[in-house]
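Report on one structure; see the data block that follows.
Coordinate-derived values only; no laboratory data. As the structure is a computational prediction, the values presented were derived from the model and not from experiment. Using ideal geometry, Cβ is built from the backbone for each residue, glycine included, and neighbour counts are taken over all protein chains shown.
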Amino acid sequence: MKKLFLLLVLAAQLLAQEHKVEPTWLYRDVRKLGDGSVDFTTDSCRYTPIFGEGDSDPGVPKSITRFGLVSVAPHGDCQAVAYAHAEELYFVREGSGTLHYGNDSHPLAPNDFLYVSPTVRHSVSNPSDHPLQMVIATARISADTAISEPRTLVVANLSELKEQTVGGHPTSVLYKLLIGPRTASRDRINATYTVADFFLMDFAPGGTNAPHHHETAEEIYLVLDGEGQMAAGGGMDGVEGLHQAKAGDAYYFRQNCTVGFYNQKASPAKAHILAVRAFVAMPKNPD
């Protein structure tokens, strides 16, 4: 019996050693990433996975199932898709195109952003002579969440929004609040179920959003331009590691992970970060 017990202990130890501990945060240099194949890709519609589906650590994000870049060649088309319990956010980085949303179509221009409701069949095409590139974020909606009738499509542009401060953060970073919960009213588009916020941060020279953490949400930062130091670390204990960050860098932060950014102080050093934060369902206490 004792020998059997020792064997069981040894087996448990070996399994524990092989178990991969999920990282608190992930880093990707977008410029070095290759293309992946997902349900909407075609020969003329490519997808570059950054986090989630198609990435080397696809199971780390809990609510954000897909975050990456969509590139549509001139006169190209993406496959039409629809998701029963997922919502999508789009941000146009460059080029122009057309969003096909249900029975409607809407033109897309640089700095446009939009929300795609669950259940709506949608696709993107590029009738122009120039490439179209967009950031896409897909978030899972829990199966027990009641899905309302899709709202009328709204396509907005960064130029419509005024920069503003956000409570709890220094005034050296200004925000444009793009898309947020359907139960709120502060964002330009209020429509989401899982996504807590989709926003743009504009950092002044030496500006920071101050390292912080979110207990019930995960977050992704994509550096659009500028450079500085990204804070990513342990979380509630205040531990923060500082990492050089530049345009094209992307960071994923798990819930309770320390997250923040310090812009360089040299004038006129500006920096812009596109970010998405999504609520994560917390496990129930078995006690």
- prompt: Cysteines without a disulfide-compatible partner in the chain, using Cβ under 4.7 Å as the rule?
  reply: CYS257
message: Could you tell me the calculated FRET efficiency between ARG186 and ASP225, based on Cβ-Cβ distance and R0 = 22 angstrom, to the nearest 0.05?
response: 0.30
Net +/- balance of residues flanking ASN157 in space, Cβ distance below 12 Å, scoring K and R +1, D and E -1: 0
task: Identify the residues of the range 70-90 with backbone N under 16 Å of a label point that sits 7 angstrom from the Cα of SER128 along the Cα-to-Cβ direction, or state none.
output: 70-78
- prompt: If amide H atoms are built 1.01 Å from N in the plane of the peptide, which residues on other chains or at least 5 residues away come under 5 Å of the amide H of THR42?
  reply: GLN79
- line: Charge tally for neighbours of ASP249 with beta carbon under 12 Å away, counting Lys, Arg as +1 and Asp, Glu as -1, is +1
query: Non-local amide H neighbours of THR65 (under 5 Å, H modeled in plane, Pro and chain starts lacking H): which ones?
result: THR138, ALA139, ARG140
field: Protection proxy ranking, peptides 241-253, 100-112, average beta carbon neighbours within 10 Å, highest first
entry: 241-253, 100-112
statement: Shape descriptors of the chain over alpha-carbon atoms, Rg and Dmax in angstrom, are 20.5, 75
query: Along the range 38-54, what does the Karplus equation 6.51 cos²θ - 1.76 cosθ + 1.60 (θ = phi - 60°) give for ³J(HN,Hα), rounded to whole Hz, x for Gly and Pro?
result: 10, 5, 9, 6, 9, 4, 10, 10, 9, 10, 9, x, 9, 9, x, 3, x
- line: Lys pairs in the chain with Cα under 21 Å (8 or more apart in sequence, or on separate chains) total 9
- prompt: Out of residues 5 or more away from PHE261 or on other chains, whose amide H comes under 5 Å of its own, with H placed 1.01 Å from N in the peptide plane?
  reply: ASN209, ALA210, ALA231
message: If I stretch the segment between VAL81 and LEU242 completely, what's the gain in nm (0.36 nm per residue apart, minus their alpha carbon distance), one decimal?
response: 54.0 nm
message: Tell me the net charge near PHE51. Cut-off is 10 Å between Cβ atoms, PHE51 excluded, with +1 for each Lys or Arg and -1 for each Asp or Glu.
response: -2
statement: In order over the range 185-202: 3J(HN,Hα) from phi, Karplus 6.51/-1.76/1.60, θ = phi - 60°, whole Hz, x for each Gly or Pro, gives 9, 7, 8, 5, 10, 10, 8, 7, 9, 9, 5, 7, 5, 10, 8, 10, 10, 10
- prompt: Over the chain, what relative contact order in percent results from Cα pairs under 8 Å that are six or more residues apart?
  reply: 16
task: Could you give the C-alpha radius of gyration of the range 97-242 expressed as a fraction of 2.2 N^0.38 Å, taking N as the number of residues it contains?
output: 1.18
- prompt: In the range 178-276, which GluC sites (Glu not before Pro) fall in coil by DSSP and have 16 or fewer other Cβ atoms within 10 Å?
  reply: GLU215
message: Please give the charge dipole size of the range 137-221, origin at the Cα centre, charges +1 on K and R Cβ atoms and -1 on D and E Cβ atoms. Round to the nearest 20 debye.
response: 220
query: Under Stokes-Einstein, with the Kirkwood radius over Cα pairs standing in for Rh, what whole-number D in µm²/s applies to the range 55-142 at 4 °C and 1.567 mPa s?
result: 97
- line: Final fewest-first order of HIS212, HIS169, HIS122 on the 10 Å Cβ neighbour count is HIS212, HIS169, HIS122
